[in-house]
Amino acid sequence: MKYIKSIVLLSLLHVMLASWQSPATTYVYISTGSGAYAYHLYYNCQHLKRCIEEGHVKKVALEELRRKDGSGYTRPLCKTCEKRAKKNNH
């Protein structure tokens with residue numbers, strides 16, 4: 001009987017630990033070119049096309065992007081990516 005209780009408790013513990021996860025990190029794409037000003041949700045955004053061809057695109061965590069500048073400035077979201085995200089969510 002103790003053996004069965006141990007198995008049940010271990011199973012419950014396993015389920016609890018498996019369901020507890022850290023929040024998912026959101027990754028975005030930025031151009032490292034001199035004229036870049038926005039971040040992108042989608043790698044295949046039309047506004048990143050030239051930057052991709054020139055090798056100026058970097059994948060970064062959104063939180064990291066927001067922490068970069070101590071003044072609180074953050075790049076705005078690309079309007080094309082924003083419209084696409086809204087369309088995909090509806």
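The values are calculated or read from the model by the stated rules, or taken from the named source; none is laboratory data. All values reported here derive from a predicted model rather than from experimental measurement. Backbone-built Cβ (ideal geometry, glycine too); neighbour counts: all protein chains shown. All accessible areas refer to the heavy atoms of the entire protein, side chains included, with ligands and DNA or RNA removed. Shrake-Rupley method; radii C 1.70, N 1.55, O 1.52, S 1.80 Å.
Evaluate E = 1/(1 + (r/R0)^6) for Ala24 and Arg50, where r is the Cβ-Cβ distance and R0 equals 35 Å; express this FRET efficiency to the nearest 0.05.
0.70
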Handout entry: Largest to smallest accessible area among Arg75, Arg84, Arg67 [probe 1.4 Å]
Key = Arg67, Arg84, Arg75
Practice task
Heads up, I need the accessible area for Glu54: 1.4 angstrom probe, whole protein in place, Å², nearest 10.
Solution key: 110
Problem - Which of Tyr43, Tyr29, Tyr37 is most accessible, then next, and so on - probe 1.4 Å - result: Tyr37, Tyr43, Tyr29
